[in-house]
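Scroll down for the structure; my scribbles are underneath it.
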Amino acid sequence: MSASSSTLQWVHCAFDEMTPLQVHDLLRLRQQIFIIEQECIFPEIDGLDPLCQHVLGLLDGKVVAAARIVAPGIDPDHSAQGQHPAIGRVVASPDLRGQGIGRKLMLQAIASCHDTFAGRGIFLNAQLYLKNFYEALGFMQFGEAFYEDGIAHISMLRSPDSRQDQLH
């Protein structure tokens, strides 16, 4: 599969604005990556999706990339997130790896946060091996590494002063 052979369409929506097929594709993609590929048994369907905004990358109508945006104060498990929106559940199809889809997805999610939560920083918990990827997008680590569901993570924050138009 190649994003260059078809046009990747970006959709920003609330959970209840997704079609049933989009919900299916989203949950299947996240299950494929977070549970099966990463061999991590955790409650992927955690009850937050209906409360979040979502960014979907669609290729020929199928969800191939996604992220969710959690409004400040929604997720009690991330107290540092209380004052900032958070980007989470960032995922792209393995078939599209190496094509820059992850970066494009994050740029879409950052833009959505700027539009909805102007003037606020953006929080995320990143898998440690992706630290450089997120730093290139303006996120900075704070605190020590920790394990979540058996995988090393770090907390990161993107300053409200970071400008998306500086990311090329």
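Hey, can you tell me all the residues within the range 23-50 that are in a loop (DSSP other than H, G, I, E, B) and not polar (S, T, N, Q)? Let's see the steps before the verdict.
So in the range 23-50, the residues in a loop (DSSP other than H, G, I, E, B) come out as 38-48.
Passing the criteria: 39, 40, 41, 42, 43, 44, 45, 46, 47, 48.
Please verify whether the range 55-62 includes one or more residues that are more than 15 Å from the chain's Cα centre (by Cα) and assigned to a loop (DSSP other than H, G, I, E, B).
yes
Name the residues in the range 145-155 that are in contact with a strand residue (DSSP E or B) (Cβ under 8 Å, 6 or more places away or on another chain) and either of a type in the set (Gly, Ala, Ser) or modelled with pLDDT of 95 or more (or both), would you?
145, 152, 154, 155
Need pairs with beta-carbon distance below 8 Å; first residue touching a residue at least 40 places away in the same chain (Cβ under 8 Å) and over 14 Å from residue 57 (Cα atoms) and within the range 13-38, second surrounded by 14 or more Cβ atoms within 10 Å (Cβ to Cβ) and among the basic types (Lys, Arg); sequence gap 6+ or separate chains.
These pairs meet every condition: 34/89.
From 111, 118, grab the single residue that is assigned to a loop (DSSP other than H, G, I, E, B) and either free of Cβ contacts under 8 Å to residues at least 12 places away in the same chain or among the small types (Gly, Ala, Ser) (or both). Reasoning before the result, please.
On the way: 111 fails: assigned to a loop (DSSP other than H, G, I, E, B).
Unique residue meeting the criteria: 118.
The values are calculated or read from the model by the stated rules, or taken from the named source; none is laboratory data. All values reported here derive from a predicted model rather than from experimental measurement. Heads up, the Cβs are rebuilt from the backbone with ideal geometry, glycines too, and the neighbour counts pull from every protein chain shown.
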